[in-house]
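Chemist: The structure that follows is given in the form of structure tokens.
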Amino acid sequence: MNYLLLQNKKTLGIISGVMLAGLMLHILSHKVPVAQVEASLSEDAILTTSLTQAENIIDEINPIAYNTNAQKYIPNAQKVEKLRKYLQQRHSPLAAYAEEFVKAADEYGIDYRIVAAISIIESNGGKHNFKQYNAWGWGKKGFGSWTEGIWAVSKGIGKYYSKGGTTPKLISASYCPPNADNWARKVQGVMNIIGGM
């Protein structure tokens, strides 16, 4: 009888452990509410709390395609025309998006020519793409549209700029490590041609 009682206790312990582990996994796999506390430092210190969802935001999983506020902004017409003229001469499908290049460049504080120039070197201006709407060899996937690609790549180049990588030469070791010097020279050359249009 004692043997059966001991076996039942072991079985009950195992079942309880499995159920506890399952409960913990369930809790950890869902968003956990986090309390935010705001306080003012006055004599009548009032505490207010609000509940928000804790989220893990990863750019690579869900990139923001473009800034909708930039749609109201009118970019420099001379820059747009230089880009459009150059891309049209190359018979690039991106020529129609010259304004988007300039808007995205202004939004992220980058040279308006760099993203278009990279597309020329990487895919002949969008004619031979790595993935759908990915004329830049950016990441491992395509984009839903040229506009989404332009904004996502501009945002990424903006991150290089924020770390001091403000020229193709300074970006090249990270962007195109196997052929950095040659890549940088070609991208800078295209930028110079666009600037001289």
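The values are calculated or read from the model by the stated rules, or taken from the named source; none is laboratory data. As the structure is a prediction and not an experimental result, all values here were calculated from the model. Virtual Cβ from ideal backbone geometry, glycine too; neighbours counted across all protein chains shown.
Chemist: Identify all residues within segment 162-174 that are crowded, with 18+ Cβ neighbours inside 10 Å and over 19 Å from residue 190 (Cα atoms); write none if there are none.
Modeler: Within segment 162-174, none qualify.
Chemist: Moving on to the next point. Restricting to segment 139-159, what's the tally of residues that are free of Cβ contacts under 8 Å to residues at least 40 places away in the same chain and surrounded by fewer than 22 Cβ atoms within 10 Å (Cβ to Cβ)?
Modeler: Residues flagged as free of Cβ contacts under 8 Å to residues at least 40 places away in the same chain and surrounded by fewer than 22 Cβ atoms within 10 Å (Cβ to Cβ) within segment 139-159 amount to 5.
Chemist: Just to check your reading of the model, which residue among 120, 27, 74, 46 is at pLDDT 95 or above and β-branched (Val, Ile, Thr)? Don't jump to the end; show me each part of the working.
Modeler: Working: 27 fails: at pLDDT 95 or above; 74 fails: at pLDDT 95 or above; 46 fails: at pLDDT 95 or above.
When all the criteria are applied, what remains is 120.
Chemist: Can you name the number of the only condition in (1) more than 17 Å from the chain's Cα centre (by Cα); (2) without any contact (Cβ under 8 Å) to a residue 40 or more places away in the chain; (3) closer than 23 Å to residue 77 by Cβ that residue 164 fails?
Modeler: (3)
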